[in-house]
Amino acid sequence: MVVTITSLPESGNPARAAMEDAIASSRHAVVGPNTAGYLTTPARLRATSVRTAGMRPAEHGGTIALTTQSGSIGSYLVGRCFEEHLGLRYWIPTGNEARVRLHHVVEAFAADEAVEVIGLFIEGIRDGDRLLAALDSARAHGKFVAAYCIGQTDAGKSAASSHTAAVSGTHAVLMHMLTQHGVLVTDTVSELFDVLKVAATAYAGLWSESRPPTSVTAISTSGGSCSITAEEFARRGRTLPPLP
């Protein structure tokens with residue numbers, strides 16, 4: 001059974017402590033508080049306030065799975081997926097993570113054979129070791145994982161802390177940690193969507209440790225665009241192979 005909690009009473013309220021104790025001792029998967037619900041298209045269940053009414057899911061149930069620590073950012077990604085007819089399979093916004101946390105969701109996505117692409121919006125990590133293990137599992141199962149992380153600036157860290165009560169830590173260390181465990185980290189949320197879109201349509205199933213991507217070719221009507229692409233690959237230690 002999955003239980004979602006949108007909010008808790010304010011700190012100091014006796015009811016809050018009682019609810020927190022109930023969450024901690026619950027045998028159920030409690031998502032939240034501060035969450036927008038969840039979505040699973042295979043079960044045709046939209047237990048969320050996000051406006052997706054009338055938007056048709058993919059016939060096969062989809063291969064993209066999203067987990068976000070922000071409901072509104074997640075709703076943006078969900079809306080884009082439905083608008084562009086991408087196969088969104090699951091969306092779980094974890095919110096303040098009183099019980100269900102980021103690594104729990106990634107573990108579940110990694111074990112789901114139908115999931116090929118995983119997208120993460122991260123405001124803070126509570127259990128780094130468990131998350132890295134979950135990411136390693138996702139990679140071993142051939143999942144493509146991309147993420148956008150808050151915390152590049154002091155303002156971003158402060159906002160994330162007040163929103164999810166999570167520790168964002170040092171951004172550079174977090175980026176390195178995620179990259180080393182197979183995550184493609186993006187610079188913006190819109191870029192995260194673009195990466196997920198490309199991965200879902202072109203690269204799914206090519207990212208396991210046994211079958212890493214071997215080559216990429218840039219094709220464009222603009223020579224300048226190809227030059228920019230080559231430079232971006234070079235900045236990241238990759239090269240575009242010459243064409244015969």
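Observations on the model:
- Hits in the range 81-92 (condition: over 14 Å from the mean Cα position of the chain (by Cα) and assigned to a helix (DSSP H, G or I)): Phe82, Glu83
- A count restricted to the range 63-80 and to residues that are outside any helix (DSSP H, G or I) and within 17 Å of Arg101 (Cβ to Cβ) stands at 6.
- Across the range 88-97, a minimum of one residue is classified as at positive phi and in the same structural domain as Met175 (by TED's automatic domain parsing).
- Residue selected from the range 114-123 under the condition under 16 Å from Ala199 (Cα atoms) and not in a strand (DSSP E or B), by the criterion farthest from the chain's Cα centre (by Cα): Ala114
- Matching residues in the range 179-197 - criterion: being outside any helix (DSSP H, G or I) and on the phi < 0 side of the Ramachandran plot: His181, Val183, Leu184, Val185, Thr186, Asp187, Thr188
- Residue among Arg99, Arg126 that alone is of a type outside the set (Val, Ile, Thr), at pLDDT below 90, surrounded by fewer than 24 Cβ atoms within 10 Å (Cβ to Cβ) and over 19 Å from His176 (Cα atoms): Arg99
- In this structure, His176 does not qualify as in the same structural domain as Thr40 (by TED's automatic domain parsing), part of a helix (DSSP H, G or I) and at pLDDT below 80.
- Taking the conditions (1) surrounded by 14 or more Cβ atoms within 10 Å (Cβ to Cβ); (2) closer than 19 Å to Glu116 by Cβ; (3) modelled with pLDDT under 90 in turn, Thr201 satisfies each one other than (1).
The values are calculated or read from the model by the stated rules, or taken from the named source; none is laboratory data. It should be emphasised that the depicted structure is a prediction, and the values quoted were computed from it without experimental measurement. All Cβ positions, glycine included, derive from the backbone under ideal geometry; neighbour counts span all protein chains shown.
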